[in-house]
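Scroll down for the structure; my scribbles are underneath it.
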């Protein structure tokens, strides 16, 4: 299953604009180079239902595989990049989801 596409849901608040700008100037290029593609960007609008604390920003990234995602996280040449994300954000939620063509695998007994 590690070779299947996955989605990374990123929800966060910007806590330091300069730090996050330093991250965002380079992150899309590096995500793409490691097999990721930004699918959606969003700014929080309103809470309709649920118990998760709202965050300012949503980013959804499609990765070629879990290995591609791991290569982005663990690339030693990006060791100077990731701290900008960490220092520029707060209340970070980062969840990985397997790609599904439909809900049958979840709805099967």
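Values in this text are rule-based calculations from the coordinates and carry no lab data. Computed from a prediction, not measured in an experiment: that's the story for all the values here. Ideal geometry is used to build each Cβ from the backbone, glycine not excepted, and the neighbour counts take in all protein chains shown.
In this label model, residue 109 and residue 45 are separated by 3.8 nm, measuring between points 7 Å along each Cα→Cβ vector. Projected over every direction and averaged, the convex hull enclosing the alpha-carbon atoms of region 1-100 yields 6.7 nm². Any chance you could check the Cα centroid distance between region 53-90 and region 13-50 for me, in angstrom? Using only Cα atoms, the two centres lie 9 Å from each other. Residues 97, 69, arranged from fewest to most other Cβ atoms within 10 angstrom of their Cβ, appear as 97, 69. Of the residues 49, 89, 32, the one that moves most in a GNM of the chain with alpha-carbon contacts below 10 Å is 49.
Taking 7 Å steps out from each Cα toward its Cβ at residue 38 and residue 101 produces label points 3.0 nm apart. Just checking the listed ones, 35, 88, 50: in the Gaussian network model of the chain with Cα springs under 10 Å, the one fluctuating most is 50. When a/c is below 1.5 the answer is rounded, else prolate if a/b is larger than b/c, else oblate, so apply that to region 8-55 with a ≥ b ≥ c taken from the square roots of the Cα gyration tensor eigenvalues. Oblate, since a/c reaches 1.5 and b/c is not below a/b.
The length gained by stretching the chain between residue 58 and residue 4 to full extension, at 0.36 nm per residue less their Cα-Cα distance, is 17.2 nm.
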